[in-house]
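**Q** I have a structure here, written as structure tokens, and I will follow up with some questions on it.
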Amino acid sequence: MADPLSEVISLLRPQAPRSKLAEASGPFRVRRDDVDEVFYCMVLAGRLRLQVDGRPPQDLCAGDFVLVPAVAAFTVSSLDPPPPPGLVSRPVAGDDGIVRIGASRGHAEVVQLIGHCRFASPDAGLLVSLLPDMVMVRGEGRLATLASLVRDEARADRPARDVVLEHLLQVLLIEAFRASTRSDAPPGLLSGLADARVGRALRALHAAPDHGWTVTDLASEAGLSRSSFFTRFTRIVGTAPMGYLLNWRMTLAKHMLRSGSHGIGEIAERVGYGSVSAFSTAFSRHVGCPPARFAKTLAAAE
């Protein structure tokens, strides 16, 4: 059976990581509005408050890991003591590569490993929409190890560095997402996979995107009536079953067109269309241009 989460992470193609150690002491508040990358943070010592725009603040302590896959502005501030109103701290990079925040001298009360990366997939917006907009995991040592490995590899100049980094980032993201699965998670792919009934249908759909799925077929995979499955899938995943299937098929089709190693007839068959014309019509309606033109535009751009 297919692993939908691994497929999504692989198609996102996480790349170009940057990471740094940040030490802070005394009251501090750092505001980031110029965020254009995926952000993650591992608290190694002390306590702090993270406020991602549009979400309630989260108090973090040593061992906590936070990942924000969707680009969003955020504020990081001290908890012990809290910053006075109006304080804005300016991080300063030291000669040792460690960024210092707040008081420039004395023992560091808060230590963080901060990382940024980007998703190289042109379909990142669609794929990220399947995932939670924020992931928080407490006390998971594997994530600390993976984050440190990413930082070490990013700072080194070893053979095949980019390949190693891409795979390390994939593992880091998968570990973070699967460790965060919980019953009160927001609608999306993780919530769907965590649900015993909906998860069966999702895995079946991803295992055979070329199958002529209907809502009735997927309901049978889930062991539910058609109406119960439709309602449950839509509530938990955040989109209707056939809408999810169409989005996934078009994502796979664009990925194959981008690779240049598949003919349009083969792609049509592999994503569940009985003819090139049916596939071309669906692709044009979804993407805005026929698949042949989409492939030519990509080739010209490259």
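**Q** In the stretch 265-294, what count of residues is obtained for those that are crowded, with 20+ Cβ neighbours inside 10 Å and more than 18 Å from HIS211 (Cα to Cα)?
**A** Of the residues in that region, 1 qualify.
**Q** Based on what the data block shows, is SER191 out of contact with any helix residue (DSSP H, G or I) (no Cβ under 8 Å at 6 or more places or on another chain), assigned to a helix (DSSP H, G or I) and farther than 19 Å from ALA144 by Cβ? Steps first, please.
**A** Numbers: out of contact with any helix residue (DSSP H, G or I) (no Cβ under 8 Å at 6 or more places or on another chain): no; assigned to a helix (DSSP H, G or I): yes; farther than 19 Å from ALA144 by Cβ: yes.
The answer is no for SER191.
**Q** Something else: Looking only at the stretch 85-130, count how many residues are farther than 25 Å from CYS61 by Cα, under 11 Å from the mean Cα position of the chain (by Cα) and not β-branched (Val, Ile, Thr).
**A** The number of residues fulfilling the criteria is 8.
**Q** Okay, next question. Looking only at the stretch 68-78, how many residues end up being assigned to a strand (DSSP E or B) and either at pLDDT 90 or above or farther than 15 Å from ARG32 by Cα (or both)?
**A** The number of residues fulfilling the criteria is 5.
**Q** ILE236 versus (1) at pLDDT 95 or above; (2) within 27 Å of PRO132 (Cα to Cα); (3) crowded, with 17+ Cβ neighbours inside 10 Å: which is the lone unmet condition?
**A** Failed condition: (1).
**Q** What number of residues within the stretch 247-264 are under 22 Å from SER129 (Cα atoms) and open to solvent by 60 Å² or more (accessible area, probe 1.4 Å)?
**A** Residues that pass the stated criteria total 1.
**Q** Could you say whether any residue in the stretch 175-197 is touching a residue at least 24 places away in the same chain (Cβ under 8 Å), under 30 Å from PHE229 (Cα atoms) and of a type in the set (S, T, N, Q)?
**A** At the first step, the residues of the stretch 175-197 found to be touching a residue at least 24 places away in the same chain (Cβ under 8 Å) are 175-180, 185-193, 195, 197.
When the remaining residues are screened for being under 30 Å from PHE229 (Cα atoms), the result is 175-180, 185-193, 195, 197.
Narrowing the set further to residues that are of a type in the set (S, T, N, Q) leaves 180, 191.
The answer is yes, given that some residue of the stretch 175-197 is touching a residue at least 24 places away in the same chain (Cβ under 8 Å), under 30 Å from PHE229 (Cα atoms) and of a type in the set (S, T, N, Q).
Rundown of residues vs (1) in a helix (DSSP H, G or I); (2) crowded, with 19+ Cβ neighbours inside 10 Å; (3) touching a Ser or Thr at 6+ places or on another chain (Cβ under 6 Å), yes/no style:
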position	(1), (2), (3)
PRO187	no, no, no
ALA201	yes, yes, no
THR216	yes, no, no
MET242	yes, no, no
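**Q** Exactly one condition in (1) touching a Lys or Arg at 6+ places or on another chain (Cβ under 7 Å); (2) free of Cβ contacts under 8 Å to residues at least 40 places away in the same chain; (3) more than 17 Å from SER180 (Cα to Cα) is false for PHE74; which is it?
**A** (2)
**Q** Separate question: Just give me the residues in the stretch 215-233 being touching a Pro at 6+ places or on another chain (Cβ under 9 Å) and more than 15 Å from LEU130 (Cα to Cα), in sequence order.
**A** As a first pass, look at the stretch 215-233 and keep what is touching a Pro at 6+ places or on another chain (Cβ under 9 Å): 215, 218-219, 229-230, 233.
Listed by number, the residues that qualify are VAL215, LEU218, ALA219, PHE229, PHE230.
**Q** Looking at ASP133, ASP152, ASP162, ASP157, which is the one that is under 12 Å from the mean Cα position of the chain (by Cα), open to solvent by 30 Å² or more (accessible area, probe 1.4 Å) and of a type in the set (Asp, Glu)?
**A** ASP133
**Q** Would you point out the residue of the stretch 202-261, among those that are farther than 25 Å from LEU298 by Cβ and among the basic types (Lys, Arg), that is nearest to the chain's Cα centre (by Cα)?
**A** Per the stated criteria, the residue is ARG203.
The values are calculated or read from the model by the stated rules, or taken from the named source; none is laboratory data. Source: prediction; values computed, not measured. Every residue, glycine among them, receives a Cβ derived from its backbone with ideal geometry; neighbour counts consider all protein chains shown. The area values use the complete protein model at the heavy-atom level, side chains included, leaving out ligands, DNA and RNA. Shrake-Rupley method; radii C 1.70, N 1.55, O 1.52, S 1.80 Å.
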